[in-house]
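Peer 1: First the structure, which I've put down as C-alpha cells, then a few questions once you've had a look.
No lab work stands behind these numbers, since they all come straight from the coordinates. Keep in mind the model is a prediction, meaning the values are calculated, not measured. Don't worry about glycine lacking a Cβ; one is built from the backbone with ideal geometry, like all the others, and counts go over all protein chains shown.
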Amino acid sequence: MTTILIRYWAGAKAAAGIESERIVASTVAAALEELAKSRSRELDQVIQRSSLLLDGAVVHDRNIALVDGQILEILPPFAGGAQ
C-alpha cells in the first residue's frame, strides 16, 4: 500500500477543515477519488479548480503512480493554482 501526505492550501484547507492528512492511494487520480468520497462536496469542487503539485512538481498526468511518502499539494487559484 502507498501512503501519501495531502497538503491543503487556502480555500482547499478551509473546505477540508484540516491542513493536511495521510491517505492510501495508488495514483493521483485514485487519491482525488478517495478525497471526493471521504470529504465534503465543497472540497471536491475546490479540487476540480486547483493545481496539483506532487513533491513540488506540477501534476500533468493524474494517472501517475504514487510512491510511499510523497506529498500531494492542492493549490486553489487564490493560492497560486489554476485559474
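Peer 1: Output ³J(HN,Hα) for the stretch 38-51: one whole-Hz value per residue in order, computed from phi by the Karplus curve 6.51 cos²θ - 1.76 cosθ + 1.60 with θ = phi - 60°, and x for Gly and Pro.
Peer 2: Computed from phi, the couplings for the stretch 38-51 are 9, 10, 6, 4, 4, 5, 4, 5, 5, 4, 4, 9, 9, 8 Hz.
Peer 1: 5 Å is the cut-off here: which amide hydrogens, built 1.01 Å from N in the peptide plane, fall below it relative to residue 51, excluding neighbours closer than 5 in sequence?
Peer 2: Residues meeting the amide H criterion: 75, 81, 82.
Peer 1: Here is a further query. Cα atoms only, the stretch 3-79: Rg and Dmax in Å?
Peer 2: In order Rg, Dmax, the Cα atoms of the stretch 3-79 give 11.0, 29 Å.
Peer 1: If packing is taken as the average count of other Cβ atoms within 10 Å, what order do 61-69, 28-36 fall into, highest mean first?
Peer 2: 28-36, 61-69
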